[in-house]
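Since the structure comes first, as structure tokens, the remarks are kept for the end.
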Amino acid sequence: MSKDHPTVLVVEDEPAQREVLSYNLQAEGFYVETAPDGDEALIVVQEVCPDIIVLDWMLPGTSGIEVCRQLKTRTETAGIPIIMLSARSEEVDRVRGLETGADDYVIKPYSVLELMARVRNQLRRVRPAAVGQRLKFEDIELDAETHRVTRREKQLKLGPTEFRLLTTFMEKPGRVWSREQLLDRVWGRDIYVDSRTVDVHIGRLRKALCAQGGEDPLRTVRGAGYALG
Ligand code: CA
């Protein structure tokens, strides 16, 4: 599965709960990674760079709170939304959870439907197109649900790879993406694709974007990669 499906990391030590969460998240179309404890969670985060983390508070070894604190203090991972799960309901714990930087907090036993809504809610901030929101950058508009892209209100013809590339750029205008990051996000990490392939598709995307006139909105950053705007 390509990484334009958001990746959710589920950190939960109870196998049955991990299973239920994974099943429901996959049914929503998410790519799911799991970790049974805090130490493994920290390793998996480095490996897969998830879009969002559902993190149990009580874990063997490194606790959920400590995992959260560590991820929120590192610049590379600080932006990943974290939803904490906890059996504790006291207000004081809730405050502590939010103080460590958790973005949301759900008390066990929770309703799976409610948790799914909260996951989507967090993703709306970091992966807006993945939850069906329209994206706009200057005169370019992209509708992730209908796969329609327009520039100056004229429809553009994009292949599926160019569409995913543009979605990635439009979710974070200004961000510089390396070829490897684009390969991971657009092609998926399980497929071997030569990094020159990225250049070929960037070329096609540029051509499509400029087909109706207008300046090239994509920027080549020497030695680093590509950015929109
Ligand atoms: Ca637990």
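Details
- 17 Å tail of the calculated P(r), region 130-228, as % of Cα pairs: 48 percent
- Residues whose placed amide H lies under 5 Å from that of LYS108, excluding near-sequence neighbours: SER86, ALA87, ARG88
- Estimated from helices alone, the mean residue ellipticity of the chain at 222 nm is -12000 deg cm²/dmol (sum of -39500 (n - 2.57) over DSSP H runs with n ≥ 4, per residue).
- Think of each Lys and Arg Cβ as +1 and each Asp and Glu Cβ as -1; about the Cα centre, that makes the dipole of the chain roughly 1280 debye.
- Surface share of carbon and sulfur [accessible, 1.4 angstrom probe, percent] for region 88-229: 48 percent
- Taking the convex hull of the alpha carbon positions in region 7-74 and averaging its projected area over all directions gives 4.0 nm².
- Considering only ILE53, ILE43, ILE83, the mean-square fluctuation computed in a Gaussian network model of the chain, springs between alpha carbons under 10 angstrom, is largest for ILE43.
- Chain lengthening between ASP216 and SER178 when straightened (0.36 nm per residue, less Cα-Cα): 11.8 nm
- Between ARG206 and ARG134, the contour length at 0.36 nm per residue exceeds the Cα-Cα span by 23.9 nm.
- In plain terms, if you count all Cα to Cα distances in the chain and split them into 10 Å steps from zero, the share in each step is 7, 31, 31, 20, 10, 2 percent.
- Average accessible area per residue (Å²) across the chain - probe 1.4 Å, nucleic acids and ligands excluded: 50 Å²
- Cα long-axis angle, helix 38-48 against the chain (0 to 90 degrees, to the nearest 10): 10 degrees
- Between SER195 and TYR23, the C-beta separation translates, for a Förster distance of 35 Å, into a calculated FRET efficiency of about 0.50.
- In this calculation the C-beta distance from VAL112 to SER63 is compared with R0 = 30 Å, giving a FRET efficiency of 0.80.
- Cα-based Lys pair tally, the chain, threshold under 29 Å, eight or more apart or on separate chains: 18
- Evaluating 6.51 cos²θ - 1.76 cosθ + 1.60 at θ = phi - 60° for every residue in region 172-187, the Karplus couplings come out as 9, x, x, 6, 8, 9, 6, 4, 5, 5, 5, 4, 5, 6, 8, 9 Hz, glycine and proline recorded as x.
- Helix 195-209 axis versus longest C-alpha principal axis of the chain: approximately 60°, rounded to the nearest ten.
- Expected-Rg normalisation [2.2 N^0.38 Å, Cα atoms] applied to region 7-126: 0.94
The values are calculated or read from the model by the stated rules, or taken from the named source; none is laboratory data. As the structure is a prediction and not an experimental result, all values here were calculated from the model. Positions of Cβ are generated from backbone atoms using ideal geometry, with glycine treated the same way; all protein chains shown enter the neighbour counts. With ligands, DNA and RNA removed, areas are computed over all heavy atoms of the protein, side chains included. Shrake-Rupley method; radii C 1.70, N 1.55, O 1.52, S 1.80 Å.
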